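Each remark here refers to the structure printed beneath this line.
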Amino acid sequence: MKVLVPIKRVIDYNVKVRVKADNSGVELANVKMAMNPFDEIAVEQALRLKESGGADEIVVVSIGPSQNQETIRTGLAMGADRGIHIDASHNIEPLAVAKLLKEVVAREKPSLVFVGKQAIDDDCNQTGQMLAALLGWAQGTFVSDIKIGHDKAIVIREVDGGLEHLEISMPAVVTVDLRLNEPRYASLPNIMKAKKKPLDSITVEELGVDVSPRLTVVKVEEPVARSAGIKVADVSELVNKLKNEAKVI
Amino acid sequence: MSVLVLADHDNGQLAGATLNTVTAASQIGGDIHVLVAGDTSGDVARAAAAVAGVAKVLIANGNSLDHGIAENVAPLIQKMASSYSHLLAPATTTGKNIMPRVAALLDVMQISDIVQVIDANTFQRPIYAGNALATVTSDEAIKIVTVRSTAFDAAAEDGSGASIEDAAVGSDAGLSSYVKSELSSSERPELTSAPIVISGGRGMQDGSNFAMLEKVADKLGAAVGASRAAVDAGFVPNDYQVGQTGKVVAPDLYVAVGISGAIQHLAGMKDSKVIVAINKDDEAPIFQVADFGLVADLFEAVPEFEKELG
C-alpha cells in the first residue's frame, strides 16, 4: 500500500511573523522556513504505518518554488521513500492545491493520503477536505488516532465536544491533528541518505491545472495590540477591580 | 442576495455558534435561510426558526446525515447552492469538516474563519494564528464562508418564527459511518460561549489541582479551560485547550492561572474583554496582555480568590 503525504513549506512556527510595511502580506524574505508542523505529523504517521508493515511506500509531495525541495528532503530524511516537487512560483490557494494533488493521486494511486489538518500560515483548513471531495473519497478530519484495516479505517476525530469515532472506506484522505503522534527528528545518517533518494520535479502546466487565484488579498494588517494593564497587590484588590471597575463579576 | 447558514447541532439542540453565524449573515444582507441537516427531531428546526432574522428553515432529516457526515451533507448543500449568493457555516469542527468539501464540489475557493464582514464580497480573517489579519475579496458567484463565532454577537432567539420546509435528503454515499462519540460531560457552560473562562497552565502542577479552578468556576458560572502545556502534561483532556491548536474564546472575563502566555495560547484568548493573569513569575508574557495581573503563588491566590467571591 502506498501513502501520499502532501507537505507545505511555511514560516517556521518559532518565528514571529511581521506584516510588510506596504500591507501586501507578511515578510518572507530572510525568514526561516520549515515544514508545516501538522504535515510533519502526517509524515510521521505514514512512517509508523510503514514500520508496522501497513504500508510499503511513502511519497511526499510539495508545491512551490525550488526551495520546497529542501522541505521534501526533510521528509525524505525522516524516512519517506520518494519525493515529488510541483514547481509553482506564486502562492497557490487550497482549491488549486487540491486540484494539483488530485492529478498526483491519479498518477501515484495511493490508498491513503495523510495531510496536516491546516497550514500554520494561511490557517485555511481546507486542502484535505477539498482533495477528498474532488476524488470522491472518504475523509477523516482532525484525526488523533487511526487504525487501518483491510479496506476500511477507524479514525478518532477531535471534535468540539470531545472525540468522535468514524469508520471510513479506503482509499481515503486523513487530515491529522496535533495529538496523533510526536514526529521524529531526522538523524544525520538519514539526512545524508535522503540526498540520494529520488525526487522528481514536475510543473503545474504538466499537470494541466489552472491555479490562478480566486481570492484577492486586499491588505494584510497587524492586529490591534493589547496593552498591558496594571498589577494588583493582592487578591482583594483584584476582586474589587473586577467587581467595581471592570464590572465583570 | 440570499444566504444559507448551515446549522451546527447535536440533533437535540442548536449549537450557539449558529446564532453568531446568523449575525454574520445579517451583516452580509439578503434573506437568511438555515439548513438543519441530521437525524433530527423538529426541536432544532424550531429553535432555528425562532432566531431573529431567519426567514426560512430547511430541514433535511435522514439517517445518512446524522452526525454531520461530510460525504453525505456536502452533496446536499451543493444541490441547494444555486439559489444562494452565500453559504455560511460556523467555524466549528462540523463546519470546518463539511464546508471545504462543499466548496470543492462547487469549484469555489472558500474563505475560512472570518472575523469581520466588510461587504458582501469582502471579509477579514486572521492568518498566522491571529498574528496578522488579511482582508480578502472574492469574485466567485457563490461565496463560501466559515465564521469565527467569537467575533460576532449571537443573534437573538426572539424571532417571529420562520417557516420550516422539508429539503431533499439525498442518498448515502456509503463512504463513512459514525461509530461513537466520547463527549466530555460537564455541568459548566461550554468553553467557547461562556461569559467567563478560568484556565490553568503548567503551573497547576497536577490535574487534581484543577479542582481549585472548578470551585471558582462554579461560583462565577464560568467554564474551565487549559493551556496546551497543561493538556500535553495530561492534567486535563484535550477539549479543555484554549489556543491556536485548541479553542478560540473571547469571554467577558478570562482568568489565566499559572499560564506563562505562549503565543499559541494568546492566539486563543487575546480577544477576551478583560484578562486577569495570576502567575508567580512577574516576567511571564501573559502579563503583557493582562488588564489585571497578580504576581502570586496560585496555590494561595486561587483559594483566596474563591473565598473573596463569597
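The values are calculated or read from the model by the stated rules, or taken from the named source; none is laboratory data. Keep in mind that what you see is a predicted model, and the values were worked out from it rather than measured. Positions of Cβ are generated from backbone atoms using ideal geometry, with glycine treated the same way; all protein chains shown enter the neighbour counts. These area figures cover heavy atoms from the full protein model, side chains too; ligands, DNA and RNA do not enter into them. Shrake-Rupley method; radii C 1.70, N 1.55, O 1.52, S 1.80 Å.
Per-residue extension of 0.36 nm, minus the Cα-Cα distance of B:GLN27 and B:SER171, leaves a gain of 48.5 nm for this segment. Counting only alpha carbon atoms, the long axis of helix A:68-78 and the longest principal axis of chain A meet at about 80°. Remark: C-alpha extents of chain B on the principal axes read 59, 39, 38 Å, sorted largest to smallest. With bins 10 Å wide beginning at 0, the percent of Cα pairs of segment A:129-249 falling in each bin runs 9, 17, 18, 27, 15, 10, 4.
The lysines within cross-link reach of A:LYS243, meaning a Cα-to-Cα straight distance under 18 Å and a gap of 8 or more places when in the same chain, are A:LYS231, B:LYS219, B:LYS273, B:LYS307. The alpha carbons of the protein assembly as shown stretch over 68, 62, 49 Å along the principal axes, in descending order. Neighbours of B:TYR254 by Cβ distance under 14 Å: Lys/Arg scored +1, Asp/Glu scored -1, total +1. Over all pairs of different C-alpha atoms, chain A has a mean inverse distance whose reciprocal, the Kirkwood radius, equals 19.8 Å. By the Stokes-Einstein formula, at 1.306 mPa s and 10 °C, segment B:1-160 with its Kirkwood radius over alpha-carbon pairs has D equal to 104 µm²/s.
Total Å² of accessible surface buried at the B-A contact, 1.4 Å probe, nearest 100? Display every interim value, and only then the final one.
Details: alone 14600 and 14260 Å², together 22370 Å².
The contact between A and B buries close to 6500 Å².
Regarding segment B:234-310, what whole-number volume in Å³ per residue does the convex hull of its Cα atoms give?
Details: hull volume 8.0 nm³, N = 77.
Hull volume normalised by residue count: 104 Å³.
Largest GNM mean-square fluctuation among B:ILE98, B:ILE118, B:ILE28, using chain B with Cα springs under 10 Å: B:ILE118.
Near A:VAL248, once Lys and Arg are set to +1 and Asp and Glu to -1 for all other residues with Cβ below 11 Å from its Cβ, the sum equals +1. In this structure the protein assembly as shown gives 40 Å² per residue of accessible area when probed at 1.4 Å with all protein chains present.
Classify segment B:102-253 as rounded, prolate or oblate, taking a ≥ b ≥ c as the square roots of the eigenvalues of its Cα gyration tensor: rounded when a/c is under 1.5, otherwise prolate if a/b is larger than b/c and oblate if not. Mind showing how you got there, number by number?
Details: a/c = 1.78, a/b = 1.59, b/c = 1.12.
Taking the square roots of the gyration eigenvalues as a ≥ b ≥ c, segment B:102-253 is prolate.
For segment A:22-159, count all C-alpha to C-alpha pairs, find those more than 20 Å apart, and express that count as a whole percent of the total.
Working: 4553 of 9453 pairs.
Across segment A:22-159, Cα pairs with separations above 20 Å total 48 percent.
Translational diffusion of segment B:176-230, estimated by Stokes-Einstein from the Kirkwood radius over alpha carbon pairs at 25 °C in a medium of 0.890 mPa s, is 197 µm² per second. Cα convex hull, segment B:167-206: 193 Å³ per residue, rounded to a whole number. Within the listed set A:ASP123, A:ASP56, A:ASP12, the Gaussian network model of chain A (springs between alpha-carbon atoms below 10 Å) gives the highest mean-square fluctuation for A:ASP123.
Between B:PHE235, B:PHE292, B:PHE152, the residue with the greatest mean-square fluctuation in the GNM of chain B (Cα pairs under 10 Å linked by springs) is B:PHE292.
Can you bin segment B:64-148 into rounded, prolate or oblate? Criterion: square roots of the alpha carbon gyration tensor eigenvalues sorted a ≥ b ≥ c, rounded for a/c under 1.5, prolate for a/b above b/c, oblate for the rest. Taking the square roots of the gyration eigenvalues as a ≥ b ≥ c, segment B:64-148 is oblate. Against the main long axis of the alpha-carbon atoms of chain A, helix A:94-108 sits at an angle near 20°.
Given B:LYS247/B:LYS270; A:LYS99/B:LYS143; A:LYS2/A:LYS152; A:LYS241/B:LYS247, which pairs have Cα atoms separated by over 21 Å?
Values: B:LYS247/B:LYS270 12 Å; A:LYS99/B:LYS143 19 Å; A:LYS2/A:LYS152 15 Å; A:LYS241/B:LYS247 27 Å.
Those over the limit are A:LYS241/B:LYS247.
Considering only the other residues whose Cβ falls under 14 Å of the Cβ of B:ASP107, what net charge follows from Lys and Arg at +1 and Asp and Glu at -1? Don't jump to the answer; show the numbers that get you there.
Numbers: positive: A:LYS99, A:LYS102, A:ARG214, B:ARG101, B:LYS143; negative: A:GLU93, A:ASP210, B:ASP139, B:GLU140.
With Lys, Arg at +1 and Asp, Glu at -1, the net is +1.
Counted over the protein assembly as shown, the DSSP beta bridges are approximately 35% antiparallel. Considering only C-alpha atoms, what is the centroid distance from segment B:214-289 to segment B:140-207, in Å? Value for the Cα centre distance between the two parts: 20 Å.
Spatially, segment A:232-248 and segment A:5-73 are offset by 46 Å when compared through their Cα centroids. A helix-only calculation puts chain A at -8000 deg cm²/dmol for mean residue ellipticity at 222 nm, using -39500 (n - 2.57) for each DSSP H run of at least four residues, averaged over all residues. The convex hull around the C-alpha trace of segment A:43-122, projected and averaged over every direction, spans 5.4 square nanometres.
For segment B:229-271, a Kirkwood hydrodynamic radius built from all Cα pairs, placed in the Stokes-Einstein relation at 25 °C and 0.890 mPa s, yields a translational diffusion coefficient of 232 µm²/s.
Secondary-structure-derived ellipticity at 222 nm for chain B, considering helices only, amounts to -7500 deg cm²/dmol, per-run term -39500 (n - 2.57) for DSSP H runs with n ≥ 4.
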